[in-house]
Amino acid sequence: MNEIIAKEQFSENVFMFKVKAPLIARSRKAGNFVIVRVDKHGERIPLTIAEADRKEGTIMLVAQRVGVSSGKLCDLAVGDVIEDVVGPLGKPTDIARFGTVVCAGGGVGVAPMLPIIQALKAAGNRVISILAGRTRNLIIMEDLVRKSSDEVIIMTDDGSYGQKGLVTQGIEQVLRREKVDRCFAIGPAVMMKFVCLLTKKYEIPTDVSLNTIMVDGTGMCGACRITVGGQMKFVCVDGPEFDGHQVDFDEMLKRMKAFGEQEKADMARYEADRSEREAADESREAPWRTQLRKAVSPKERMAIERCSMNELEASVRRHRLKDEVNRGLTLEQALTEARRCLDCARPGCVEGCPVGIDIPRFVKNIERNHIAEAARTLKEYSALPAVCGRVCPQEKQCESKCLHLKTGRQAVAIGYLERFAADWEREHDMAAVPKTQPHNGRKVAVVGSGPAGLSFAGDMAKLGYSVTVFEALHEIGGVLKYGIPEYRLPNRIVDAEIENLEKLGVTFVKDCIIGKTITTDQLKADGYEGIFVASGAGLPNFMNIPGENLINVLSSNEYLTRVNLMDASSDDSDTPVPMGKRVAVIGGGNTAMDSVRTALRLGAERAMIIYRRSEAEMPARAEEVKHAKEEGVEFLTLHNPLEYHGDEQGRVNEIVLQKMQLGEPDASGRRSPVPIEGAVETLPVDLVIVSVGVSPNPIVPRSIEGLELGRKNTIAVNDDMRSSIPYIYAGGDIVRGGATVILAMGDGRKAAARMDEYLRSQH
C-alpha cells in the first residue's frame, strides 16, 4: 500500500506520482482529494487525485515543491512508500450537462482540473480548457487535457508557449465570442480570485477548488475554515469546491500566510540538509542505486535491445541544410535504454571517457526519471554535454568499454542518453548553473573558443577564476561553429552551451587575434596570471598534386566555413560558395562526410567520397558513413587522386584517379594503400573538396618568444599540458595536430586542474 510505482518530472519543481492505493482508487470521484503524510515526522498535506485506475488500483498525485513537506514528497523515488495516504476526502464535483463550460487551470491546478474536465465531457458538455503558467515548462498534462476537451487555449506570462498573457485574458476572449454556461477555476488563490472577478462581471456561475491549510482533513480541526457568502465553511468537508463569487479570497490569502516565516526557515534548513544528503548519495552504494540494481536483474537488463536513434527521413533531409538528422530519444526510449546499464562495480565506460564523466550515475538518474539530476551530473564534468552527445565518437571511447560488448551485445547508448539529458534540461528551462568556488580575484586568459578552450574556461570558472576567452572569428564556438554543419550540430545547441558558460561568469571577446591584436606578453601585463592556448588546427593540408590550385578546388575548411559560419547558401548572405553538380570529396574522415553531405544539400546531383583505403579503414564514425549512404553519397574507396584537369577559365572539370589495393599495415596499424599498375580512370567534376587533414595554425605559436614547438608548429607540452613557458598551457589541436571534440575537452579539463595547482603554488 502507498508504494510509488511511477514518477515523472513535469518541470523543475513539479512531479507526478502514481501510487498504489486500491481502496481509494475504487471510491474516488472527480473533485476528491487525499491527505498525505510522507514519513513518520511529516505533516498532513492535501493533494487532489488527478486520476485513478480501478483495475490497476492506483491513483495519480501531482505535487509542487514549495515547502518541506512537499519537498520530501518530491524527493521520493519509484519503489518508495508514502507513510500515509487517506481518502478520498471532500465532496465530489457537481457534474451536470451545463452546456458550454470553461475550465481554467493555473500551474499545478491543471492536475485537479483534469478529472473535472473528463467528467464534464463525459456528461455531454462542450469543454473549453484554458491552461496557464508563467512559462512553458509550467504547462503540465496538456496531452491528457486535450483528449477530453473540445478546445484548448494555452496562456503563458512570458509568451514562451501559446498566447502571451494571463489566464483571465484567455477566459475573456472566449466570453466575448460565445455564450458560456459555467466556469471552473483551479490554481493559485490569487488566480482564482481574479477569474471570479471576471466571470462575475459576465454573470457566469463559477466553481473554484480551494487548497487551504489542513491538519486532519476530516472536519475535526477547523484549520481549513474560510468565509463563503458570509458564513464559515470548512474546506475539507464542505468543499473543496465552492461558488467562487461567494468566497472571501482576501481572508483566505491572509490565512494561508500563517506559517510563512516558519516555512521559509524550515525550507532553508531542509534544502541545506538535502544538499548534504545528495552529495553523500552519489556513490554506487547509495540506497537509490542499490534499489535500482535490485529492481531489475542483470539477465533482464541484458535482454533489452539497444534503442535506435530517431532520424529524419533520408529523402527529406538530403535537401535540408539546417534540419538536424538525429531527432533525439523520447522519454520512454531513454528510460528503457538507461535500464540496460548494469551499474558495474568497475565501470569501463568512465575509463573510456576523456573527461571522466561519472557515466553510471548520470545513466541511473535517467533510469529513475531524475533527468534534471542526470543533466547536473553531466555538467560536473563536461562544459558541452549537448554537443558531446551529438558529435563525440562514443563507439570508440566510453561505449567501447561497455560490459555488454563482452557478451556479444550492443553497448549501452551512452551518447544518445547524454544528448537526451542535456536537451531535456534545456527544453524544460531547467538549466542549472554548476556550483562554483568563491571568486579568488585572479584572472586567466583562453586563446580560442573551440571545445578545448570552452572546457578549460568552464572548469576554471568553477574554481573561482575570472576567465576571458579570446576568439579570432566573429562567432564563439570555433570548429563547433565553422566546421560542423547544423544538420549534425545546430548552432542553437552551441549557443545554449556558451550561454551556460556566461552564467558561470566567463567573458568572451570576439574578433581578437592573440599574437596580432594582443600579444601574450600584453595579456600578462594586463594581469592574466595564466594563459591556455587552444587556437586549433585551422591550416588545411593539400596533396600537392597537379591542378590542385584550379578554381573550385577547395579545402574542407574553406567550404564548410563559407557554408556554416558565413551562411553562404542563404539568399541574403553576401558570401559566395560554389554549388557543384558533380562533387568529389577527397578523404574519409568526419570532416569529409560533413563536406560531401553538405554538397548534396546544396544541390549536387552526384556527390562522391574518394578514399584511398577501404571502408573498413575509414576514420569517420560509422553513423556518419551510414547517413551519407542513405542520402545517396557514392563511395569510391581504394581510389586516390593523381591530378585535376581544368577548362579554359581555369575551373576544375576532371579528376584523374588511381585505383588502389591494400598492402601491409602502416605505422598507425592501418593497411597501406598500394597503386594497381595501369588502373587509372578519369571522372567529370565541377567541384573538388580536399579533406586530408589539417595542421595547427602558426599565428599564435610563432608570436610567443621562447615557446618550444613540436612537429608541424604544434605547441610542445608536458604531461600537465604545460608549455616551456610556465604560465602558458595548451591543448586540443594546437598540441595534438588533430583531435576529436571530446579529446580536446579532456585536454582543457586536465589543463585547468594543473594550472590551478600551479597558480595556487605561486602564492
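Bear in mind these aren't lab numbers, they're just calculated from the coordinates by the rules spelled out. No experiment lies behind these values; they were computed from the predicted model shown. Please note: Cβ atoms are built from the backbone with ideal geometry, for glycine as well, and neighbour counts cover all protein chains shown.
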**Q.** segment 165-207, Rg to Rh (Cα coordinates; Rh as Kirkwood inverse mean 1/r)
**A.** 0.92
Q.
Defining a contact as two alpha carbons under 8 Å apart and six or more residues distant in sequence, what relative contact order in percent does the chain show?
A. 9 percent
Q: Note the per residue figure in Å³ for the convex hull of the C-alpha positions in the chain.
A: 199 Å³
**Q.** Set of lysines with alpha-carbon distance to Lys7 below 20 Å, sequence-local pairs under 8 removed
**A.** Lys18, Lys20, Lys55, Lys72, Lys294, Lys364
Q | Relative packing of 662-670, 556-564, 72-80, which averages over residues the other C-beta atoms within 10 Å, highest first | A | 556-564, 72-80, 662-670
Q: Report the normalised scattering of segment 542-692 as log10 I(q)/I(0) at q = 0.18, 0.19 Å⁻¹, calculated by the Debye formula with identical scatterers on the alpha carbons.
A: -1.07, -1.17
**Q.** Mean Kyte hydropathy of -1.0 or more with a Cα span along the axis of at least 24 Å, helices from DSSP in the chain
**A.** 741-761
Q. For the peptides 343-350, 751-758, what is the packing order when you average, over each peptide's residues, the other Cβ atoms within 10 Å and list the highest mean first?
A. 751-758, 343-350
Q.
Quick check for you: which residues of segment 429-457 have the amide N under 18 Å from the point 7 Å beyond the Cα of Ser703 toward its beta carbon?
A. 444-450, 453-454
**Q.** Descending semi-axes in whole angstrom, ellipsoid equivalent of segment 624-674, from the Cα gyration tensor
**A.** 27, 20, 8
(Q) If you average the alpha carbon positions of segment 744-763 and of segment 59-103, how far apart do those two centres end up, in angstrom? (A) 50 Å
Q: Tell me the label-point distance for the pair Lys581, Ala303, using the 7 Å Cα-to-Cβ offset, in nm and rounded to one decimal.
A: 5.8 nm
Q: Report the FRET efficiency, 1/(1 + (r/R0)^6), for Glu261 and Glu499, where r is their Cβ-Cβ distance and R0 is 56 Å, rounded to 0.05.
A: 0.95
Q: Please give, to one decimal in nm, the separation of the simple spin-label points placed at Leu253 and Thr330, each 7 Å out from Cα toward the Cβ.
A: 4.3 nm
Q. Using unit Cβ charges (K, R positive; D, E negative) and no other charged atoms, how large, in debye to the nearest 20, is the dipole of the chain about its Cα centre?
A. 1740 debye
(Q) Suppose a student asked you for the relative contact order of segment 287-427, using Cα pairs under 8 Å spaced at least 6 residues apart; what percent would you report? (A) 26 percent
**Q.** Label-to-label distance, nm, for residues given as Asp574 and Val215 (7 Å Cα→Cβ offset)
**A.** 7.5 nm
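Of all DSSP beta bridges in segment 588-660, what percent run antiparallel (nearest 5)?
Close to 65 percent.
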Q | Segments 47-58, 310-321 sorted - mean Cβ within 10 Å per residue, highest first | A | 47-58, 310-321
Q) Dividing the convex hull volume of the Cα atoms of segment 1-114 by its residue count, what figure in Å³ per residue is obtained? A) 103 Å³
Q: Take Ser449, Ser69, Ser569, Ser595 and order them by how many other Cβ atoms sit within 10 Å, fewest up front.
A: Ser569, Ser69, Ser595, Ser449
Q) Which pairs break 20 Å Cα to Cα here: Lys581/Lys659; Lys193/Lys254; Lys121/Lys193; Lys443/Lys524; Lys481/Lys581? A) Lys581/Lys659; Lys121/Lys193; Lys481/Lys581
(Q) Tell me the volume per residue, in Å³, of the convex hull enclosing the alpha carbons of segment 287-427. (A) 118 Å³
Q. For segment 674-744, what ratio Rg/Rh do Cα atoms give with a Kirkwood hydrodynamic radius?
A. 1.23
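For each of Leu480, Leu417, count neighbouring Cβ atoms within 10 Å of the residue's Cβ, then give the residues from fewest to most. Before the final figure, lay out the partial values.
On the way: Leu480 25, Leu417 28.
Ascending number of Cβ neighbours within 10 Å: Leu480, Leu417.
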Q.
Let me check against my output: what whole-number percent is the relative contact order of segment 96-209, with C-alpha pairs under 8 Å and at least 6 apart?
A. 29 percent
**Q.** Length added when fully stretched, Glu282-Gln163, from 0.36 nm per residue minus Cα-Cα
**A.** 38.7 nm
